[in-house]
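Asker: The structure under discussion is supplied below as structure tokens; questions concerning it will follow.
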Amino acid sequence: MRLIVLGLPASGKTTLARTLSQRTGISHIEVDTYFWKPHPVSPEDLRATLRPLLEADSWIVEGHFSKIAAEVLPLADQIVWLDPPLMVTWGRALKRVGQELFRRRLGLARRLRFLKLRDARTLNAHFATAVSEASRRGVKCTRVKSGRDSRAVLSPYR
């Protein structure tokens, strides 16, 4: 399985990918871990870091990787698009901002930019296009809009 989990920040990508990884034993590649080293790395450096990981037969990739999507998306045989209501993701993002400020891990400005409605609409439009194109290529694509949908994605992997 080569599965990509797409979604807005705070949509549940890491939680779903981590759970799938634990249930299947398939490696979980969290792109944000490689991208947000103390400072964001260039798309070229990110590609170079991820290339050997993506050569494996199976993986679960998640994170915000728009700069390298053209290289990663064609490798997938499954895509799960997490698309909960915006109020859900905004609530989670605000909670995360508070936690990160409390821990002093990240700046407020970087996280708040993810809360802009315009950016969310733009990202979701990109996700919709990517999923549509992948589906035409025969890639199994699932759009998850609720907790019930997430449980359905996880249910075959108990």
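The values are calculated or read from the model by the stated rules, or taken from the named source; none is laboratory data. Fair warning: this is a prediction, and the values are worked out from it, not measured in the lab. Note that we place each Cβ from the backbone using ideal geometry, even for glycine, and neighbour counts take in every protein chain shown.
Asker: Please go through the range 1-32 and pick out each residue that is farther than 21 Å from F127 by Cα and either of a type in the set (D, E) or in a helix (DSSP H, G or I) (or both).
Answerer: Correct list: T19, S21, Q22, R23, T24.
Asker: Are there any pairs with C-beta distances below 6 angstrom linking a residue in the range 5-29 that is surrounded by 20 or more Cβ atoms within 10 Å (Cβ to Cβ) and modelled with pLDDT under 95 to a residue that is among the acidic types (D, E) and not in a loop (DSSP other than H, G, I, E, B), with the two at least 6 apart or on different chains, and if so which?
Answerer: K13/E62
Asker: Still on this structure: Between K67, K37, which is at pLDDT below 75, over 15 Å from V5 (Cα atoms), under 18 Å from the mean Cα position of the chain (by Cα) and loosely packed, with under 13 Cβ neighbours inside 10 Å?
Answerer: On the way: K67 fails: loosely packed, with under 13 Cβ neighbours inside 10 Å.
Unique residue meeting the criteria: K37.
Asker: Evaluate the following for D57: is it at pLDDT 95 or above and either surrounded by fewer than 16 Cβ atoms within 10 Å (Cβ to Cβ) or more than 18 Å from H126 (Cβ to Cβ) (or both)?
Answerer: Spelling it out, D57 is indeed at pLDDT 95 or above and either surrounded by fewer than 16 Cβ atoms within 10 Å (Cβ to Cβ) or more than 18 Å from H126 (Cβ to Cβ) (or both).
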